[in-house]
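Before anything else, here's the structure in question.
All of the numbers you see were taken from the coordinates with simple rules; none came from a lab. Given the structure is predicted, the values throughout are model-derived calculations rather than measurements. Cβ sites come from the backbone with ideal geometry, for glycine too, and all protein chains shown count toward neighbours.
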Protein chains: 2
Amino acid sequence: MQSSDPIPSAAPTHDPAETRSRLLDAAEQLFAEHGFNGVSMRTITGTAGVNLAAAHYHFQGKEGLYRAVFERRVVPMNEERARLLQACLDEEARTGQLDPSAVLDAFIGPAIRISAAPGADNFRRLSGRASADPSPEARRTIYELYDTVAARFVDILARACPHLAQEDLFWRLACIYGAMMYVRADSGRLQQLLGSEYSMADSSAAMHHIIPVLAAGLAVPSLAKSRGKGKRRSSRGS
Amino acid sequence: MQSSDPIPSAAPTHDPAETRSRLLDAAEQLFAEHGFNGVSMRTITGTAGVNLAAAHYHFQGKEGLYRAVFERRVVPMNEERARLLQACLDEEARTGQLDPSAVLDAFIGPAIRISAAPGADNFRRLSGRASADPSPEARRTIYELYDTVAARFVDILARACPHLAQEDLFWRLACIYGAMMYVRADSGRLQQLLGSEYSMADSSAAMHHIIPVLAAGLAVPSLAKSRGKGKRRSSRGS
DNA sequence: GTCTATACCACGATAGAC
DNA sequence: GTCTATCGTGGTATAGAC
């Protein structure tokens, strides 16, 4: 090649990809340990060995960095969720049956097994806490990343549980989401209370124990006080 | 009165009790909305109409104020929990039976119904988030307030579920705590996903739906891979 | 396009006047 | 018991070097 270099990343002062990933790794760890508002950009950039303003250049500030930390992990996780949910639907097309346990597995599994990805253990705790932790604005930002697949999950789960009214579904999902987030957040509270050494980082144990318990909760008959009707889908008139 | 005033609280510049409660109310609301690190002492004192340094005088800083917000609500809540748990034990002494549902009710009920107390609705969300939200140090501080009664609950629940190994108990408690905290934290996520208007602030609906679901989860037989033994207390070999 | 140096205002905390 | 002044540090923004 001659003087005018058509390859933009041929010889940058520093490697941008390296700078970005160093920032993401440091931010992931520190956000997980101290929460969004509990860490300073100066601490993150110091840990990453990157200049403060360079972080602003790449991520447009703290919120942008926070969001980028999530995007890196959530995008592949969503793909796995979508794939497993589709497998449930395929199974339904074949057998005419939709197993609530399989649907739970397709949604919770990727969220729990994420700690198996290299370096993602910090993200597991971070994402568990993020569902409640930050300010409403920050939560919305994160929720957006999950929205499409989460809505799909809720829809399929509702189909798998035709005995449940919308009201039932709401509260059972509270138990499902609550358990999933509590395990991901891994506060250490139960180890402390039980004086035991079981670890929530053990994703296969988590799945083995939690899915059947949540499935048993889903199997409980409707508890909706069906005054008038109050049942689910279709003509949900007032 | 002449120059030296022997009565300390006769005519203070402002009423200390008023100052304290105004600060607690403002802090409770703002901490619930934005988290510990998401609010400034200046915002809290500004909302309360109290001077910044006066807040430091009364609560020794931000952490002290945070802890005081919890103490005000948790102490009476613990008393109710202890009372209801004792009722479970009395019932057991009479009938020889310990109902897991009743034990769940005794522990979760006071935590959910707390939003019925005047002004405590903010605290419900705050306490739900606090289980994961703040830094580890701040979490320890809060956990201490719950410790005694929580340990008692775990113990009684274990007795009510003799079919469960310690390992089972660990994961079922994760579901129980997860659901309880998720309902208290009330992130608005499920309303958004379901497009429905059910409110987690409705404590009687929450109890009506959640207790039977969690109880069904407790009723699931042991899932512990009892290799060797792994079972719980005494010598209930596999 | 990538990064460094630096300046800005708000924060939590404290000392000392009233 | 309450307030003012002040200090070190936080997130953010910009100017300009490479």
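If Lys and Arg each add +1 and Asp and Glu each add -1, what is the summed charge of the other residues whose beta carbon sits under 12 Å from the beta carbon of B:Leu190?
Values: positive: A:Arg172, B:Arg189; negative: A:Glu167, B:Asp186, B:Glu197.
Taking every Cβ under 12 Å from that of B:Leu190, the sum is -1.
Under 5 Å between amide H atoms, partner at least 5 residues away or on a different chain: which partners does A:Met200 have, H built in plane at 1.01 Å?
Residues meeting the amide H criterion: none.
Would you list B:Leu164, B:Leu173, B:Leu84 from fewest to most Cβ contacts within 10 Å? Provide the component values of the computation, followed by the final result.
Working: B:Leu164 25, B:Leu173 21, B:Leu84 17.
Starting with the residue having the fewest Cβ neighbours, the order is B:Leu84, B:Leu173, B:Leu164.
Among residues other than A:Phe123 whose Cβ falls under 15 Å from its Cβ, what is the net charge (Lys/Arg +1, Asp/Glu -1)?
On the way: positive: A:Arg67, A:Arg72, A:Arg73, A:Arg113, A:Arg124, A:Arg125, A:Arg129, A:Arg184; negative: A:Asp25, A:Glu28, A:Glu33, A:Glu71, A:Glu80, A:Asp121, A:Asp133, A:Asp186.
Counting the neighbours of A:Phe123, the net charge comes to 0.
Restricting attention to the alpha-carbon atoms of the protein assembly as shown, what are Rg (one decimal) and Dmax (integer), both in Å?
24.9, 95
When you look at the Cβ of every residue in A:27-39, what mean number of other chain Cβ atoms sits within 10 Å?
3
Order of A:Thr148, A:Thr45 from fewest to most other C-beta atoms within 10 Å? All intermediate terms of the calculation are to be shown ahead of the outcome.
On the way: A:Thr148 12, A:Thr45 21.
Result, fewest neighbours first: A:Thr148, A:Thr45.
What range in chain A is the longest one free of trypsin sites (Lys or Arg not before Pro) that are in a loop by DSSP and have at most 15 other Cβ atoms within 10 angstrom? Intermediate values should be presented prior to the final figure.
On the way: sites that count: A:Lys225, A:Arg227, A:Lys229, A:Arg233, A:Arg236.
Formally, the longest exposed-site-free interval is A:1-224.
To continue, here is another question. Can you give the average number of partner chain beta-carbon atoms within 10 Å of each beta-carbon in peptide A:188-201, as a whole number? Numbers along the way, then the final one.
On the way: counts 4, 11, 9, 1, 5, 11, 9, 3, 4, 2, 6, 1, 3, 0.
Mean number of neighbouring Cβ atoms from other chains: 5.
Working from the alpha-carbon coordinates of chain A, get Rg over Rh, Rh being the Kirkwood radius.
1.07
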